[in-house]
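Have a look at the structure below, then the notes.
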Amino acid sequence: MKPILLQGHERSITQIKYNREGDLLFTVAKDPIVNVWYSINGERLGTYNGHTGAVWCVDADWDTRHVLTGSADNSCRLWDCETGKQLALVKTNSAVRTCGFDFGGNIIMFSTDKQMGYQCFVSFFDLRDPSQIESDEPYMKIPCNESKITSAVWGPLGEFIIAGHENGELNQFSAKSGELLVNVKEHTKQINDIQTSRDMTMFITASKDNSAKLFDSTTLEHQKSFRTERPVNSAALSPIFDHVVLGGGQEAMDVTTTSTRIGKFEARFFHLGVEEEFGRIKGHFGPINSVAFHPDGKSYSSGGEDGYVRIHYFDPQYFEFEFEA
C-alpha cells in the first residue's frame, strides 16, 4: 500500500472531503487555498481562489456542481465546481467553522464561531432564493448560547442537523423550525469531527477526550465507543465494511516537545462490532487532522498537521481480512 502524496498546501490541513462518486477529493487547510484533486492518481484538478484566511471547512453537493467553503476571513463562499468561479459570498461576523449542503443540494447551513463579542450561530440559506444571499438574510438562524459548535453535519433527508459542541454535547436541530430536538452528552471534551455513514443512519464523532463514538442519527442513541490514548481529531466509517478509521495525535502546541516516534501519528483502524483495534498506518509527520473513506471503500485519505494529504489504496489482504473475536 504505497500512498499517493498530495502536496498542495503550505499550512496544516483542516478538512478533506470526497464528492459522492469519489472521483474528486477536496482539501482545505490553514492557508487560503481550496484544492480539488483526482482521487485515482492524485493529480490536481484545480483551485478555488478568493479566501483571505484559513479555510476551516469544505463540502460538495450530491451532483458535484457546487462547492461550499467556510473560512476564518469571516465568509462562506459558494463555487462552481467545474470552472472554479465564485458564485456567492456570505459575509459573517466571525469565522465560519462548519458548512454543508443538505441532501438535495438546495439548502446550505454553516456555523460561525463565538469570538470578538459575537455569538455562535447556525445559519440556513436556501439557494433557490437568490435574495437570501444578496441581502445576507438566512431564512433561519439558530443561536448557540452555552458552548460553540465545533462540528456539524446534515441528518438524513435534510430534516435536521447534528451539531457537536466545545463542551462535548451533541444537539439535533430541526432545519425547518430551528428547535432543539434532541440533546445528549456522551463526550467529556470538545467534539472535533462528525461524519455520517454512507446511508446516513449512523454517525461517528471524534473527540478531544481520546475517544470516538458511534450514534444513531435519528435518536442520537449512543451505540459504540472506540478508545485511544490521544485526542481524536477525525473519524470515518467504511461504506463497505464494519470498519472505522481514527486520526489524531496530540495537541498542535505539544507537537514540538515530543519525538516523532512517540507522537503516535498513525491512522488507526477499529472493528465496529467488537470495538477492537486491528491495524495502524503510519505516514504523517504530525497529528492527523482529517480522515475520509472513499465512497467505494477501497481507499481512504488522511490530511495532517504537516500539510500533506495522503491517499491510501488498500491491499487485497484488507478485503480478505476476517476479524476473529
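The values are calculated or read from the model by the stated rules, or taken from the named source; none is laboratory data. Not measured: the values here are computed from a predicted model. Positions of Cβ are generated from backbone atoms using ideal geometry, with glycine treated the same way; all protein chains shown enter the neighbour counts. Areas reflect the complete protein model, heavy atoms only, side chains present, ligands, DNA and RNA absent. Shrake-Rupley method; radii C 1.70, N 1.55, O 1.52, S 1.80 Å.
Residues in the range 300-325 that are assigned to a strand (DSSP E or B) and open to solvent by 10 Å² or more (accessible area, probe 1.4 Å): 310, 313.
Residue-by-condition table, conditions (1) touching a strand residue (DSSP E or B) at 6+ places or on another chain (Cβ under 6 Å); (2) modelled with pLDDT of 90 or more; (3) within 21 Å of residue 234 (Cα to Cα):
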{"site": "13", "(1), (2), (3)": "yes, yes, yes"}
{"site": "24", "(1), (2), (3)": "yes, yes, yes"}
{"site": "43", "(1), (2), (3)": "no, yes, no"}
{"site": "55", "(1), (2), (3)": "yes, yes, yes"}
{"site": "60", "(1), (2), (3)": "yes, yes, yes"}
{"site": "94", "(1), (2), (3)": "yes, no, no"}
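Applying a threshold of 7 Å to beta carbon distances and a minimum spacing of six or more residues, or different chains, the list of pairs starting in the range 189-215 at a residue that is within 22 Å of residue 273 (Cβ to Cβ) and basic (Lys, Arg) and ending at one that is open to solvent by 10 Å² or more (accessible area, probe 1.4 Å) and in a strand (DSSP E or B) reads 213/222; 213/224; 213/225.
Among the residues of the range 145-183, those identified as over 20 Å from the mean Cα position of the chain (by Cα) and part of a strand (DSSP E or B) are 174, 180, 181, 182, 183. Taking the range 116-144 as the range and being open to solvent by 40 Å² or more (accessible area, probe 1.4 Å) and within 21 Å of the chain's Cα centre (by Cα) as the test, only 121 passes. When the range 13-27 is examined, which residues are found to be touching a Gly at 6+ places or on another chain (Cβ under 9 Å) and open to solvent by less than 10 Å² (accessible area, probe 1.4 Å)? Within the range 13-27, 13, 16, 25, 27 meet the criteria. Applying the criterion of at least 2 residues that are of a type in the set (A, V, I, L, M, F, W, C) to the strands (runs of 3 or more DSSP E) found wholly in the range 7-76 leaves 13-18, 24-29, 34-38, 55-60, 66-71.
For first residues located in the range 59-86 and on the phi > 0 side of the Ramachandran plot, partners that are assigned to a loop (DSSP other than H, G, I, E, B) and open to solvent by less than 30 Å² (accessible area, probe 1.4 Å) and lie 6+ apart or on another chain with Cβ distances below 7 Å form the pairs 64/19; 64/81; 74/92; 74/94; 74/95.
So which residues in the range 36-50 are of a type outside the set (A, V, I, L, M) and surrounded by 21 or more Cβ atoms within 10 Å (Cβ to Cβ), if there are any at all? Steps first, answer last, please.
Keep residues of the range 36-50 that are of a type outside the set (A, V, I, L, M), which gives 37-39, 41-44, 46-50.
Those that are of a type outside the set (A, V, I, L, M) and surrounded by 21 or more Cβ atoms within 10 Å (Cβ to Cβ): 37, 39, 48.
In the range 99-108, the count of residues that are in contact (Cβ under 8 Å) with a residue 40 or more places away in the chain, part of a strand (DSSP E or B) and more than 23 Å from residue 35 (Cβ to Cβ) is one or more.
For the range 169-185, state whether one or more residues are modelled with pLDDT under 90 and touching a Pro at 6+ places or on another chain (Cβ under 9 Å). Within the range 169-185, none of the residues are modelled with pLDDT under 90 and touching a Pro at 6+ places or on another chain (Cβ under 9 Å).
Candidates 297, 283, 273: the one that is surrounded by 15 or more Cβ atoms within 10 Å (Cβ to Cβ), part of a loop (DSSP other than H, G, I, E, B) and either touching an Asp or Glu at 6+ places or on another chain (Cβ under 6 Å) or at pLDDT below 90 (or both) is 283.
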